[in-house]
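Worksheet: the structure to be examined is printed underneath.
The values are calculated or read from the model by the stated rules, or taken from the named source; none is laboratory data. Note that this is a predicted model, so its numbers are computed, not measured. Heads up, the Cβs are rebuilt from the backbone with ideal geometry, glycines too, and the neighbour counts pull from every protein chain shown. For the accessible areas, the whole protein counts, side chains as well, though only heavy atoms, and no ligand, DNA or RNA atoms are used. Shrake-Rupley method; radii C 1.70, N 1.55, O 1.52, S 1.80 Å.
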Amino acid sequence: MELTETDLTHLRRCIELAREALEDGDEPFGSVLVDVTGAVRFEDRNRVKGGDETRHPEFAIARWSADHLTPEERRDATVYTSGEHCPMCAAAHGWMGLGRIVYVASSAQLASWLEEWGVPAGPVATLPITDLVPGAVVQGPVDELVEEIKELQRQRFARR
């Protein structure tokens, strides 16, 4: 399935949210939940700087969807995100029965950048979403936007 201009618009919003997170001293990740009609239903950015490492935007989307969407609405929705879901977020996505996922940069890309910059790997393995949610419909990475995410991640670690 080829990405549409609408898909790219939502992914650009994810990058804006990631930039907002970085400017607030947080990790640069952002995500948007869009329903079947194309309406943005929820958006968020990383909020882990306070010490709660579970405050990822993809996890927030899963939790929000539990209270605000029917199972059918979740199934028909699309989650756009600046980076591929971590295992925690992928599991939450799968448990909530959310639909299609479109991400800018993959977990493998992020892991390779961290290695390139001499940043130690995190405490959780990086795995493709489909290793945790085999039936997930996933698209990414999006080559034309990857460099923007790489630069935000570079800035994150340059500040340390």
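Numbers at a glance
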| item | result |
| --- | --- |
| Total residues in segment 136-160, condition at negative phi, modelled with pLDDT of 95 or more and not in a helix (DSSP H, G or I) | 6 |
| Any hit, segment 56-64, residues being within 16 Å of V79 (Cβ to Cβ), more than 13 Å from the chain's Cα centre (by Cα) and of a type in the set (F, W, Y) | yes |
| Filter result (assigned to a loop (DSSP other than H, G, I, E, B), in contact with a helix residue (DSSP H, G or I) (Cβ under 7 Å, 6 or more places away or on another chain) and open to solvent by 50 Å² or more (accessible area, probe 1.4 Å)) within segment 1-58 | V36, T54 |
| Boolean, W64 is of a type in the set (A, V, I, L, M, F, W, C), open to solvent by 10 Å² or more (accessible area, probe 1.4 Å), in a helix (DSSP H, G or I) and farther than 20 Å from L127 by Cβ | yes |
| Segment 88-130 - residue that is assigned to a helix (DSSP H, G or I), in contact (Cβ under 8 Å) with a residue 40 or more places away in the chain and open to solvent by 30 Å² or more (accessible area, probe 1.4 Å) and, of those, nearest to R74 (Cα to Cα) | G94 |
| Residues that are in a loop (DSSP other than H, G, I, E, B) and not aliphatic (A, V, I, L, M), drawn from segment 74-87 | E84, H85, C86 |
| Scan of segment 106-159 for residues that are among the small types (G, A, S) and under 25 Å from T6 (Cβ atoms), ordered by number | S106, S107, G135, A136, G140 |
| Search result, residues across segment 125-147 that are closer than 17 Å to H56 by Cα and out of contact with any helix residue (DSSP H, G or I) (no Cβ under 6 Å at 6 or more places or on another chain) | A125, P128 |
| Close pairs from segment 45-60: first in contact (Cβ under 8 Å) with a residue 12 or more places away in the chain, partner open to solvent by less than 20 Å² (accessible area, probe 1.4 Å) and acidic (D, E), Cβ under 9 Å, at least 6 apart | R45/D26; N46/D26; R47/D26; V48/D26; K49/D26 |
| Residues being buried (at least 16 other Cβ atoms within 10 Å of the Cβ), under 22 Å from L8 (Cβ atoms) and free of Cβ contacts under 8 Å to residues at least 60 places away in the same chain - total across segment 131-145 | 4 |
| Total residues in segment 39-68, condition polar (S, T, N, Q) and closer than 14 Å to R19 by Cα | 1 |
